Ligand code: PMP
């Protein structure tokens, strides 16, 4: 069987040996940050953007990453290459590292840096062809002045609770609202609505991660001269939208056809979602960082 190699603090170790201390503050307190990245046919999509977000998250929580952004990029490329997986999902984690049972991060001498590369488990094609049914849930998004959603931290308890609620409702994904009832995002993806030819997504200050896929979709709208605005909206706006779709590294772009039992538009994935998805898919193999091992020009 193929070995899975995990990058762990400067070394490649087999999956079974890739362990961190129970005193790691990532484990004890969720004190750390992460990125989920995707490699398409040997092209690590938007790697630089992910590295920038990782270092910005680190700066915000005063976490010293013991590598430069360039070194981190090289480590990700090397880990993908080492695992021989041109189509893969990459998880990059930096935790505060091993400390004691106190909260004080000064007792954590060295951050833990982990890169995991796994075979991609793609969502069922049916999701893309037929669209998803989703619900809104009781779990609220953290308020930005408590924990800014721009920090992609290891604190994902809200998101886990959303997944539990979604599963109990018999659906695959759900939307979180903020404390004022504005729509924020899904448990692991951003949300967009389309109304009268215009595209809308909640601003991050409402309570949403500044998703890399979200930013790409906003950029694609600009290129394709489709009006796109970041504005707060409510559940009502979602219910009466012509189209709804979710975006994320894992999800890419997934149409949503039913929200809380309300059929969206015709109940089928719409033309705007299809148009943007087509443009997005083209970019995934173009924009990013090529893993040299998959592009060798041997005779
Ligand atoms: N929101 C949340 C809460 C997420 O975990 C993710 C996945 N990282 C996203 C949105 C989508 O972000 P991205 O497009 O950068 O994957």
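The numbers here are math on the coordinates, done by the rules we state, and not lab data. None of these values were measured; they are calculated from a predicted model. Every residue, glycine among them, receives a Cβ derived from its backbone with ideal geometry; neighbour counts consider all protein chains shown.
For region 176-218, which residues satisfy the criterion of being under 10 Å from residue 247 (Cα atoms) and either more than 14 Å from the ligand (Cβ to nearest atom) or in a loop (DSSP other than H, G, I, E, B) (or both)?
Residues of region 176-218 under 10 Å from residue 247 (Cα atoms): 185-186, 188-192, 211-217.
Passing the criteria: 188, 189, 211.
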Show the residue pairs meeting these rules: Cβ distance below 6 Å; 6+ apart or different chains; first residue within region 199-221 and at positive phi and touching a residue at least 12 places away in the same chain (Cβ under 8 Å); second residue surrounded by 21 or more Cβ atoms within 10 Å (Cβ to Cβ) and in a strand (DSSP E or B).
207/184
Where a residue in region 51-71 is farther than 12 Å from residue 94 by Cβ and touching a residue at least 12 places away in the same chain (Cβ under 8 Å) and its partner, wherever it lies, is part of a helix (DSSP H, G or I) and more than 16 Å from the ligand (Cβ to nearest atom), with Cβ under 9 Å and at least six apart
52/69; 62/105
Is region 26-43 home to any residue that is more than 16 Å from the chain's Cα centre (by Cα), free of Cβ contacts under 8 Å to residues at least 24 places away in the same chain and either under 24 Å from residue 155 (Cα atoms) or more than 16 Å from the ligand (Cβ to nearest atom) (or both)?
no
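Does residue 92 meet the test of being within 26 Å of residue 294 (Cβ to Cβ), touching a residue at least 40 places away in the same chain (Cβ under 8 Å), within 16 Å of the ligand (Cβ to nearest atom) and part of a strand (DSSP E or B)?
Details: within 26 Å of residue 294 (Cβ to Cβ): yes; touching a residue at least 40 places away in the same chain (Cβ under 8 Å): yes; within 16 Å of the ligand (Cβ to nearest atom): yes; part of a strand (DSSP E or B): yes.
For residue 92, the condition - within 26 Å of residue 294 (Cβ to Cβ), touching a residue at least 40 places away in the same chain (Cβ under 8 Å), within 16 Å of the ligand (Cβ to nearest atom) and part of a strand (DSSP E or B) - is met.
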Checking the condition farther than 20 Å from residue 32 by Cα and out of contact with any strand residue (DSSP E or B) (no Cβ under 8 Å at 6 or more places or on another chain), which residue from 81, 130, 118, 56 passes?
81
Within region 56-66, restricting attention to residues that are over 20 Å from the mean Cα position of the chain (by Cα) and surrounded by fewer than 17 Cβ atoms within 10 Å (Cβ to Cβ), which residue is farthest from residue 10 (Cα to Cα)?
62
State which residue is nearest to residue 242 (Cα to Cα) when the search covers only region 115-141 and only residues that are buried (at least 19 other Cβ atoms within 10 Å of the Cβ) and under 17 Å from the mean Cα position of the chain (by Cα).
141
